[in-house]
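Report on the structure given below.
The values are calculated or read from the model by the stated rules, or taken from the named source; none is laboratory data. Being a predicted model, the structure only gives us computed values, none of them experimental. As a convention, Cβ positions derive from the backbone with ideal geometry for all residues, glycine included, and neighbour counts pool all protein chains shown. Side chains are part of the model used for accessible areas, which takes the heavy atoms of the whole protein and leaves out ligands, DNA and RNA. Shrake-Rupley method; radii C 1.70, N 1.55, O 1.52, S 1.80 Å.
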Amino acid sequence: MSAFLTYLITGLALGCSFALVASGFVAIHRVTGVVNFAQGTFAVVAGLMAGSLLGRGLPHGLAEILAILLAGAVGLVVGVIAIGKRGTPPLASLVITLGLGILAYAVEIIIWGDQPISFQMVPGSVDIAGAPILRQYLVVIAVALVTFAGLGLFFGRSYLGKALTACASNPYAARLAGINVMRMGLLAFALGGLLGGLAGVLVTPLQPVAFDSDVALATNGFAAAIFGGLNRPGLALVGGLVLGVAEAFVAGYLSGSYQTEVALALMLAIMIWRASRRVSVAEEPA
Amino acid sequence: MLEVTDLVVRYGRATALDGVSLELAPGEMVALVGPNGAGKSTLVDTLSGIVAPAAGRVVLRGRLAQVPEGRQLFAELSVADNLALGAWRSGRGRAGRDPARVFEVLPDLRPLAGRLAGTLSGGEQQMVAVGRALMADPDILAVDELSLGLAPRVVADLARHLRELNAERDTTVLLIEQNARLAFDLCRRAYVLESGRITASGPCVQLAESPQVARAYFGGTTEGAGDPVPGGARDP
């Protein structure tokens, strides 16, 4: 029972980190229609930067915030390059983000080297029903839940959030209403950068981050985001949690060497099942 | 209120508008009729600043809001949100986003406020599109294909609202229509746009009697308006 609880909470924390990366994918895609394959880079940049700043003596809190802001700035730069030219098709923007993600490897190696970096954020563990749980896992879960609640309020209640949704829903009508669709797209990229950065600073204390950690982060984050059709933050959170818990249980009860593969296969099976249900409903006679 | 002089718009090598000139006086309700592909929507998109002209001059005194062809609502957002976003450029803050003033003009929208725009009927969506444009407090309302795909009764209802806007609130209206019968009933003056050029203009009564216009838009009869929209046009 203790092991089960440990795996469950570990999986939930892992899932929350995937969901945070996924939220960046969602924030960008729902506004611009672009699948941003540099999303993992934002997390890596923030993780490496936070480690670097903490190593130079900056206090916790300030170092993480600066790192997240840097990721937001990187997101903005990626946005300018990917969608800054009016009329760039989303598929071309996708390829641009992929290229920028690879280019980022070189920059990251120049600045931070090629060795993984980690740091401690919230030390120690707590005992939950006899299971020792790292405090950092609980921080990740709490921050993710607060972030998703904030995203829900932002997109669902705020005027700016609705304008961002309008840009995704009907860019032509948004322009007619006077909304600067390009500026909104760049704002979405900056938001995606901040969310990716948040994931990065939360994950780095749990698993060391190197220049090429973006692939694993982006793969899991993308799978979670796809669960919500790349547009719905709430479903992306569910997707992330399913994926994280599945990975934790596979690693705990089977083997850690193929936890990602098994979890992704499970996600694929769930998505095929959901898609087949939609077809069945559509095929029902009126 | 609006002066367009020798307007030229090109898409690559294709010329969509070729030397178009027209003008609207304050409080007028003017029709722009023409067949598919004549350049009507390009013209109104140019007036809205969506399309950049290659040559010519547009002088606009006041704010223009467009009711686009095909409604173009934000389907995933509520009617209230669609209306609120119409006030984006008004710069009047939270008070400017209050749809109460639009509900006064279009009371049928009030009970729909909480519904998702994508779930409404065509007529209701068109009313939301008009309401969203009105949220910008426009001096000129450019309505692109008001009647497209709608039942005659719904069109008559929308036309009545437009006429009230024009008569009671002094909103200048540019009605872009393929349905010349509707346009000529509602407006006093009209322009005919064909292949990117203004081929005829003048009072609707005279245009309806012109054999060329009658043949093209009324099936060869000069009896004009067909099913009339009650109320007729008003003087500017």
Return the residue satisfying two criteria in turn: it lies in segment A:71-98 and is in contact with a Phe, Trp or Tyr (Cβ under 9 Å, 6 or more places away or on another chain) and not β-branched (Val, Ile, Thr), and of such residues it is farthest from A:MET49 (Cα to Cα).
A:LEU94
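Yes/no matrix, rows are residues, columns are (1) outside any helix (DSSP H, G or I); (2) under 20 Å from the mean Cα position of the chain (by Cα); (3) at pLDDT below 90:
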site	(1), (2), (3)
A:LEU76	no, yes, no
A:GLY79	no, yes, no
A:ARG86	yes, no, yes
A:TYR105	no, yes, no
A:ILE110	no, no, no
A:GLN115	yes, no, no
A:GLN120	yes, no, yes
A:PRO123	yes, no, yes
The condition of being at pLDDT below 90 and within 14 Å of another protein chain (Cβ to nearest Cβ) holds, among A:SER169, A:SER158, only for A:SER169
Residues being buried (at least 18 other Cβ atoms within 10 Å of the Cβ), facing another protein chain (nearest Cβ under 10 Å) and without any contact (Cβ under 8 Å) to a residue 60 or more places away in the chain - total across segment B:33-75
5
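Per-residue answers, yes or no, for (1) closer than 24 Å to B:ARG89 by Cβ; (2) small (Gly, Ala, Ser):
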site	(1), (2)
B:GLU3	yes, no
B:GLY12	no, yes
B:ALA31	no, yes
B:ASN36	no, no
B:LYS40	yes, no
B:LEU43	yes, no
B:SER48	yes, yes
Name the pairs: first residue in segment B:85-112 and within 14 Å of chain A (Cβ to nearest Cβ), second residue among the β-branched types (Val, Ile, Thr) and part of a loop (DSSP other than H, G, I, E, B), Cβ to Cβ under 9 Å, at least 6 apart or on different chains?
B:LEU85/A:ILE179; B:TRP88/A:ILE179; B:ARG89/A:ILE179
Pick out the one residue from A:ALA190, A:ALA246 that is under 27 Å from A:PRO171 (Cβ atoms), out of contact with any Ser or Thr (no Cβ under 7 Å at 6 or more places or on another chain) and modelled with pLDDT of 85 or more.
A:ALA190
Scan of segment A:40-67 for residues that are open to solvent by 30 Å² or more (accessible area, probe 1.4 Å) and within 24 Å of A:GLY99 (Cα to Cα), ordered by number
A:MET49
Residue, nearest to A:GLY11 (Cα to Cα), within segment A:252-286, restricted to residues that are β-branched (Val, Ile, Thr) and modelled with pLDDT of 75 or more:
A:VAL262
What are the residues in segment A:140-168 that are open to solvent by less than 40 Å² (accessible area, probe 1.4 Å) and of a type in the set (A, V, I, L, M), if any?
A:VAL140, A:ILE141, A:ALA144, A:LEU151, A:ALA163, A:LEU164, A:ALA166
Could you name every one of the helices (runs of 4 or more DSSP H) located completely within segment B:99-204 that has at least 2 residues being open to solvent by less than 10 Å² (accessible area, probe 1.4 Å)?
B:122-134, B:152-168, B:180-186
